[in-house]
Amino acid sequence: MKFNLQQFLTVSFTLFAVIDAIGSIPLLISLHNKLGGIREFRATVISGLFMIVFLYVGEPLLKLLGVTVHSFAVGGSIVIFLLGLEMVLGHEIFKSEKDARAGTVVPVAFPIIAGSGTLTTVMSLKANYDEINILLGILVNLVLVYIVLKSLRFIEKALGEAGLIAVRKFFGVILLAIAVKIFGSNIGEFGK
């Protein structure tokens, strides 16, 4: 187990693309307003714990629960689909608990930050890269996630209300497309 700059960069960029904290900004702002706030540090730590747990015991844990990686991905895709639908239609599907602590775990830490795609990617990276490089890649991405979460109010002010609505609807459609892709690529594995 040794540090390799090339592996570290590859893992970091792969996780950055899958986590897509930048693309999730409109959804996170929407949830921030609905929940009355997001506990940024807590969301970052919890999503990091999900990723690290899945790095070491992801597949055995899912097997113990009788869940395949594919069914896990389908379940996550349904939650992402509903979040995207909520953004596009402007109707509340997830009833707000008005509790930032509960909302910080679900849906912010999981499935938005450490979703099924991220957790599956972490498990897949283990097959090709040293654990130290994966752990450092996770850490770098958690720092970026924390910065994005801390910047939500600033971004919201910069976009303004009209800009926020337009961006939210656009990224809602993107989320729907991502959910359909994850669903479609994993649903075929059922019954096998």
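All of the numbers you see were taken from the coordinates with simple rules; none came from a lab. Predicted model only: the values in this text are computed from it and were never measured. When we count neighbours, we look across all protein chains shown, and the Cβ atoms used for this are built from the backbone with ideal geometry, even at glycine.
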Out of 162, 109, 179, any idea which swings most in a Gaussian network model of the chain, alpha carbons joined below 10 Å? 162
Simple Cβ-charge dipole of the stretch 1-150, Lys/Arg +1 and Asp/Glu -1, about Cα centre, in debye nearest 20: 220
Tell me, 74, 108, 45 in order of fewest to most beta-carbon neighbours within 10 Å? 45, 74, 108
Positive-end residue, the stretch 1-132 charge dipole about Cα centroid, Cβ charges, pick of 4, 79, 37: 37
So what is the calculated 222 nm ellipticity per residue for the chain, using -39500 (n - 2.57) for each DSSP H run with n of 4 or more, over all residues, to the nearest 500 deg cm²/dmol? -25000 deg cm²/dmol
Excluding residues fewer than 8 positions from residue 34 in its own chain, the aspartates and glutamates with Cα under 16 Å of it are 86, 92, 97, 99, 156, 161
Cβ-Cβ cut-off under 11 Å around residue 11, Lys and Arg +1, Asp and Glu -1: the net charge is -1
Furthest towards positive pole of dipole, 91, 120, 186, structure part the chain, Cβ charges: 91
With +1 on each Lys and Arg Cβ and -1 on each Asp and Glu Cβ, how big is the dipole of the stretch 105-182 about its Cα centre, in debye rounded to the nearest 20? 260
Quick one: Cα centre-to-centre distance for the stretch 101-134 and the stretch 1-78, in angstrom? 2
Ranked on Cβ counts within 10 Å of their own Cβ, fewest leading, 171, 81 go 81, 171
How high is the relative contact order of the chain, given as a whole-number percent (alpha carbon pairs under 8 Å, six or more residues apart)? 45
For 136, 125, ascending order of other Cβ atoms within 10 Å (fewest first) is 136, 125
Which ³J(HN,Hα) values in Hz, rounded to whole numbers, follow from the phi angles of the stretch 40-56 under the Karplus curve 6.51 cos²θ - 1.76 cosθ + 1.60, where θ = phi - 60° and Gly and Pro get x? 4, 5, 4, 4, 5, 5, 5, 5, x, 5, 4, 5, 5, 4, 5, 4, 8
